[in-house]
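Asker: Just dropping this structure here.
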Amino acid sequence: MGDWEKLQSECLSCRKCALAETRTNVVFGSGNRCSPVLFIGEAPGATEDATGLPFTGRAGRLLDSMLASVGMDRTQVYIANTIKCRPPKNRDPFPEEQTACLPWLEAQIGLINPKMIVCLGRISAMRFIKPDFRITQEHGQWFERDGKKLMAIYHPAALLRDPAKRGDTFEDLRKIEIEVERLREESRK
Ligand code: URA
């Protein structure tokens, strides 16, 4: 069994926290496992819990058009969440649930070894960029850690609630597009 298959099959039977009692599916993550770009959302919602795939509800459709606006699609990036099981009624995940879940995503990051991580929303940015991340002030800024570039953009669900934020997000996505192109050029050299 390959590393990915082993990781995925162990993760799909995870019972490390109480969310295992209420979930329908573990939402492991999906997309291109060799992508230089990893998008990390927050937590699966009802649609994701039902399908087992990240971002398959309304926010997911918006994420698809955000990717398309900069010439990308799900086959070119990898998409995962900070937590793999849906918290009941979409409540915020408890810290102990996040801590129990994190090693799965860290293992995925180790296998993908992305050059760029895009955090979708504040919760993901607080986990992967810095604990006091301020999304309104710091979205669209590049950070660097372990040789990886990190940026947070507004979560698609926030853009559904407040379409006025879409202009800023388009500019942030443009910066991501430019950096992806730069990485492509670099890998051709
Ligand atoms: N919101 C998220 O953060 N992740 C999903 O997979 C769906 C909605």
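The values are calculated or read from the model by the stated rules, or taken from the named source; none is laboratory data. These figures come from a predicted structure and were not determined experimentally. With ideal geometry, Cβ positions are generated from the backbone for all residues, glycine too; neighbour counts draw on all protein chains shown. These accessible areas exclude ligands, DNA and RNA; they are computed on the full protein's heavy atoms, side chains included. Shrake-Rupley method; radii C 1.70, N 1.55, O 1.52, S 1.80 Å.
Asker: Ranked highest first by average number of other Cβ atoms within 10 Å, how do 34-42, 19-27 line up?
Answerer: 34-42, 19-27
Asker: Would you mind working out the accessible area per residue for the chain, using a 1.4 Å probe, and quoting it in Å²?
Answerer: That works out to 50 Å² per residue.
Asker: Please find, in a Gaussian network model of the chain (springs between Cα atoms separated by less than 10 Å), the residue of 132, 92, 172 whose mean-square fluctuation is greatest.
Answerer: Among 132, 92, 172, the largest GNM mean-square fluctuation belongs to 132.
Asker: How large a share of the accessible area of segment 80-155, in percent, is made up of carbon and sulfur atoms when the probe is 1.4 Å and the other protein chains stay in place?
Answerer: The nonpolar share, carbon plus sulfur, comes to 51 percent.
Asker: If we count every other residue with Cβ under 14 angstrom of residue 150's Cβ, Lys/Arg +1 and Asp/Glu -1, where does the sum land? Could the numbers behind the result be given before it?
Answerer: Details: positive: 115, 122, 127, 130, 145, 148, 149, 175; negative: 138, 144, 146, 172, 179.
Net charge around residue 150: +3.
Asker: While we're here: Around residue 86, under 13 Å between beta carbons, what's the net of Lys plus Arg minus Asp minus Glu among the other residues?
Answerer: Residues near residue 86 contribute -2 overall.
Asker: While we're on this one: Checking the cross-link filter: which lysines have an alpha carbon closer than 28 Å to that of residue 165, excluding same-chain neighbours under 8 positions apart?
Answerer: Correct list for residue 165: 84, 89, 115, 130, 148, 149, 175.
Asker: Over the chain, what is the relative contact order in whole percent, taking alpha-carbon pairs under 8 Å and six or more residues apart?
Answerer: Working: 296 pairs, mean separation 42.9, N = 189.
Over the chain, the number comes to 23 percent.
Asker: At a 1.4 Å probe radius, which order do 91, 134 fall into by accessible area, largest first? Intermediate values should be presented prior to the final figure.
Answerer: On the way: 91 70, 134 130 Å².
Sorted descending by solvent-accessible area, the residues read 134, 91.
Asker: As an exercise, find the ratio Rg/Rh for segment 1-107 from alpha-carbon atoms, using the Kirkwood inverse-distance average for Rh.
Answerer: 0.96
Asker: Might you report the magnitude of the Cβ-based charge dipole of segment 1-66 about its Cα centre, with Lys and Arg at +1 and Asp and Glu at -1, to the nearest 20 debye?
Answerer: With Lys and Arg at +1 and Asp and Glu at -1, about 40 debye.
Asker: Further question: Give the dimensionless ratio obtained when the Cα radius of gyration of the chain is divided by 2.2 N^0.38 Å.
Answerer: Scaled against compact globular proteins, the figure is 0.98.
Asker: Where does each of 157-170, 77-90 land if you order them by average Cβ count within 10 Å, highest first?
Answerer: In descending order of packing, they fall as 77-90, 157-170.
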